[in-house]
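Before any comments, here is the structure.
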Amino acid sequence: MKRNLKYLLFAIIIFFSLLGCSKDNTTPTADKTTVSGFEVNGIYYKVTSNSTVSVYYYTYSSDNNLIIPSSVTWDDTTYSVISIGNGVFKGNSKLTSITIPSSVTTIGDSVFYKCSSLTSIFIPNSVTSIGENEFKYCSSLTSITLPSSVTKIEYDAFDGCESLTSIFIPNSVTSIEDYAFNGCKSLISITIPNSVTSIGKGALSGCINITSIAIPNSITSIEDETFSGCYNLTSITIPNSVTFIGEYTFYDCSGLTSITIPSSVTTIGNYAFRDCSKLTSMICLSTTPSTNWSGLVFKYKVETLYVPIGSKVNYEGTSWGNNFKNIIEMGMSNIKE
């Protein structure tokens, strides 16, 4: 019996000796960056570093006015909120206003997609891009001011924002992507700054209440369908920087009565002015029609084409000239680029 007790005591001593030896400075500690996420006040955060988090999920709540904090504390650690993940508020029909803190630099795609009750949002000067489908179908959003930090408005960003009446685009923006403002039926006016160098396909299509627009001289190409379905558009200025007008660009702009094509334009795509039913005259400042001007631009013949003095002969009998009933020469004092 005594022998058995002796062995047991020895075994206990050895066990605790070995346990003590294992406690050295190389023992790994828990790294919170391996934690998938945590929740505070209905907002779920994903840890992206030892000091930063991203908003990645939000639970529906009775609070319609959401203020995202600039920092959040969890497990005795304070994290800075630096981004909002893709689709976080997608389909939330209760939210009416959202405030984004200046700590956020990145907002993912489709974040506010179909937030049908959203009427107000504050975007800080730290955000550089408005993502794809960002505010798509936010049918109650009436106005928005983009901060001067934004350089790009992505694909479908405001598509279907049918209550949007005004938007401020800062001169930091260089690119407006495809269908960015498609179907913004209540948009009355929009100013495109000189900083913008590209306007994508269908970017302003279906903006039925826009009456006039000036394209900045930083633009060289007007892509397919850019203004299609803008049937209250009565005035548009095309600068002499533009070389390309795509297919269906002004399709169904039935309010247009006249338009001037600068001499810089070398390509006009098929059906560019199809169903512009009130278009009665066009001024072409080039002395010779380009072979890349499609003969299938209009649905019906336009009444009058005005061209520079001495160039009528260059238009007669061409596929472009055949789109018009009359070709009349005008002096350059009457028509200016």
Just to be sure I understand, how many residues within the range 174-198 are under 10 Å from the mean Cα position of the chain (by Cα) and β-branched (Val, Ile, Thr)? 1
Could you check Tyr113 against (1) touching a strand residue (DSSP E or B) at 6+ places or on another chain (Cβ under 8 Å); (2) modelled with pLDDT of 95 or more and say which number it fails? (1)
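Could you please give the count of residues in the range 276-313 that are in a loop (DSSP other than H, G, I, E, B), aromatic (Phe, Trp, Tyr) and closer than 16 Å to Thr266 by Cβ? Full working, then the answer.
Step one: of the range 276-313, the residues in a loop (DSSP other than H, G, I, E, B) are 276-280, 285-292, 294-301, 309-311.
So of that shortlist, the ones also aromatic (Phe, Trp, Tyr) come out as 298, 300.
Still in the list and also closer than 16 Å to Thr266 by Cβ: none.
Of the residues in that region, 0 qualify.
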Go through (1) within 30 Å of Ser71 (Cα to Cα); (2) at pLDDT 95 or above; (3) among the aliphatic types (A, V, I, L, M) for Ala180 and report which single condition fails. (1)
Filter result (aliphatic (A, V, I, L, M) and assigned to a loop (DSSP other than H, G, I, E, B)) within the range 139-165: Leu141, Leu146, Val150, Ala157, Leu164
Cβ contacts < 6 Å: first residue charged (D, E, K, R), restricted to the range 46-66; second residue at pLDDT 90 or above, any location; separation 6+ or different chain. Result? Lys46/Ser54; Lys46/Tyr56
Checking Tyr231 against (1) surrounded by 15 or more Cβ atoms within 10 Å (Cβ to Cβ); (2) within 23 Å of Trp293 (Cβ to Cβ); (3) at pLDDT below 95, which single condition isn't satisfied? (2)
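The values are calculated or read from the model by the stated rules, or taken from the named source; none is laboratory data. From a predicted model like this one, the values you see are computed outputs, not experimental measurements. Here the Cβ is made from the backbone with ideal geometry for all residues, glycine too, and neighbour counts use every protein chain on show.
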